[in-house]
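Everything on this sheet refers to the single structure shown next.
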Amino acid sequence: MYSEKVMDHFQNPRNVGEIENASGVGTVGNAKCGDIMRIFLDIDENQIIQDVKFKTFGCGAAVATSSMATELVKGKSIEEAMKITNKAVMEALDGLPPVKVHCSLLAEEAIHAALWDYAEKNGIKIEGLEKPKSDIHEGEEEEEEDY
Ligand code: FES
């Protein structure tokens, strides 16, 4: 049911941990399953993401997607990182079972929340970045909540 890549990133997650004095920290949760994700970003003066770490109280799919998401944003500019959606992360993992797709949103939202924190701390605006949600279901349409 899970691809080899998902199993690999679940069993050997990359970039687990914390960054002290991170440039930006973002935390989001999923009130339905109770899972929580926190992402730490280290961003240099050229707005390149030098390092990224994550911590989670999350299911296996949340671990695997966050592991892959951190690999994809590491070394990228903020602009490039903004383009890395949960779909791109799922593709990089060769897919997720449909009931687990929402888990991949935790990583995407936590990265956005960390970028938001960075932007606020530095008084800058990041193109296309909206105020993060603390719960990934906030403002979601009723009919999308059918898993
Ligand atoms: Fe909660 Fe996967 S079941 S994030």
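The numbers here are math on the coordinates, done by the rules we state, and not lab data. Owing to the predicted nature of the structure, the values given are computational and were not obtained by experimental measurement. Here the Cβ positions follow ideal geometry from the backbone for every residue, glycine too, while neighbour counts run over all protein chains shown.
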For the range 90-96, Karplus-derived ³J(HN,Hα) couplings (6.51, -1.76, 1.60; θ = phi - 60°; whole Hz; x for glycine and proline) come out as 5, 4, 5, 9, 6, x, 9
Any idea how far apart residue 87 and residue 27 come out in nm if each label point goes 7 Å out from Cα toward Cβ?
3.1
Can you work out ³J(HN,Hα) from phi for every residue in the range 108-113, in order, using Karplus 6.51 cos²θ - 1.76 cosθ + 1.60 and θ = phi - 60°, giving whole Hz and x for Gly and Pro?
4, 5, 5, 5, 4, 5
Helical contribution to [θ] at 222 nm, DSSP H n ≥ 4, -39,500 (n - 2.57), averaged over the chain, rounded to 500
-11500 deg cm²/dmol
Note: residue 7 to residue 55 extended length (0.36 nm per residue) minus current alpha-carbon separation gives 15.5 nm
Surrounding charge for residue 115, neighbours by C-beta under 13 angstrom, Lys/Arg +1, Asp/Glu -1, total -4
Find the Cα radius of gyration of the range 77-144, compare it with 2.2 N^0.38 Å by division, and give the number to two decimals.
1.21
Can you give me the orientation-averaged projected area of the convex hull built on the Cα atoms of the chain, in nm²?
8.2
If you place +1 on the Cβ of every Lys and Arg and -1 on the Cβ of every Asp and Glu, how big does the dipole about the Cα centre of the chain come out, in debye to the nearest 20?
480
From a point 7 Å beyond the Cα of residue 122 in the direction of its Cβ, which residues of the range 51-86 have a backbone N at a distance under 13 Å?
51, 76-82
Point-charge dipole on Cβ atoms (K/R +1, D/E -1) for the range 1-80, about Cα centre, debye to 20
380
Just give me a number: lysine pairs in the chain, eight or more positions apart or cross-chain, with C-alpha atoms less than 19 Å apart.
25
Along the range 115-131, Karplus-curve 3J(HN,Hα) (6.51, -1.76, 1.60; θ = phi - 60°) to the nearest Hz, with x for Gly and Pro, reads 5, 4, 4, 4, 4, 5, 5, 9, x, 10, 10, 9, 3, x, 8, 9, 3
